[in-house]
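Here is the structure we will look at, set down as C-alpha cells.
The values are calculated or read from the model by the stated rules, or taken from the named source; none is laboratory data. What you see is a predicted model, and the numbers here were worked out from it, not measured in a lab. Note that we place each Cβ from the backbone using ideal geometry, even for glycine, and neighbour counts take in every protein chain shown.
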C-alpha cells in the first residue's frame, strides 16, 4: 500500500458548534471539507459559508465532514470569538468551526501560514487517508466541488487545477490586502 503524506493538523484555540475539539486525525476514513473564512469577508459570507453549509446538510456525516476555520488576518479587534459566536448563530452555520491560532511573530494565523493560504475564502479537501487533495482560493463552482467530493468518496484522486497549491508552496508575489465580492487576499507572507 502506498504511503500517504498527511495534511497538517488544524491549529485552533477554540471550537464552536462542537462539544469537543475537532481534528483531521479524528476524521480519518471520511472526506473532510475545511472552509477557511473571515466573518467580514464578502466572498465568505455570500458564497463560501453557504456552500459549506450546503455540503454539511447534503452529504452523509458518516462519509463527509465539514469543518470551518475562522482565520483572521485583518480587523482583529472586530472579529473576536464573541462576535464569531453571534455571527454563526445569525447566519445559521451549524457545522463545527474552529478559531485559527494567532501567530506571535506574524499577522497571519498559524494554520493559514502552515497551508500557505492566499486569503479567504479558502477551501481545503482532505482525502479519506488524510492527504490534502484540494486547496482552492476564492469561489469554487458548486458542480466542481460536488464532483471533487464524489471522487474522494470513491477513493479516487482529485485532478489538480491551476488554483490548487501544495501546502509547502507560498505565492511568489505579494498581493494587496483587499476584499471584494470574490474574497479577501492577504497582504504578504
Those residues of segment 13-25 which are in a loop (DSSP other than H, G, I, E, B), under 24 Å from residue 183 (Cβ atoms) and more than 15 Å from the chain's Cα centre (by Cα), in sequence order: 17
Pair list, Cβ < 9 Å and 6+ apart or interchain, from segment 50-79 residues that are on the phi > 0 side of the Ramachandran plot and without any contact (Cβ under 8 Å) to a residue 60 or more places away in the chain to residues that are in a loop (DSSP other than H, G, I, E, B) and surrounded by 22 or more Cβ atoms within 10 Å (Cβ to Cβ): 75/38
Any hit, segment 73-83, residues being part of a loop (DSSP other than H, G, I, E, B), in contact with a strand residue (DSSP E or B) (Cβ under 6 Å, 6 or more places away or on another chain) and over 18 Å from residue 127 (Cβ atoms): no
Counted residues, segment 154-189 - those being in contact with a strand residue (DSSP E or B) (Cβ under 9 Å, 6 or more places away or on another chain), loosely packed, with under 14 Cβ neighbours inside 10 Å and at pLDDT 75 or above: 1
Cβ-Cβ under 8 Å pairs, at least 6 apart or on other chains, segment 88-106 side surrounded by fewer than 16 Cβ atoms within 10 Å (Cβ to Cβ), far side part of a strand (DSSP E or B): none
Test: residue in segment 136-153 that is in contact (Cβ under 8 Å) with a residue 60 or more places away in the chain, crowded, with 22+ Cβ neighbours inside 10 Å and over 26 Å from residue 30 (Cβ atoms): no
Residue in segment 26-46 that is under 14 Å from the mean Cα position of the chain (by Cα), outside any strand (DSSP E or B) and closer than 21 Å to residue 129 by Cβ present: no
Counted residues, segment 107-126 - those being more than 16 Å from residue 39 (Cα to Cα) and either without any contact (Cβ under 8 Å) to a residue 24 or more places away in the chain or in a loop (DSSP other than H, G, I, E, B) (or both): 5
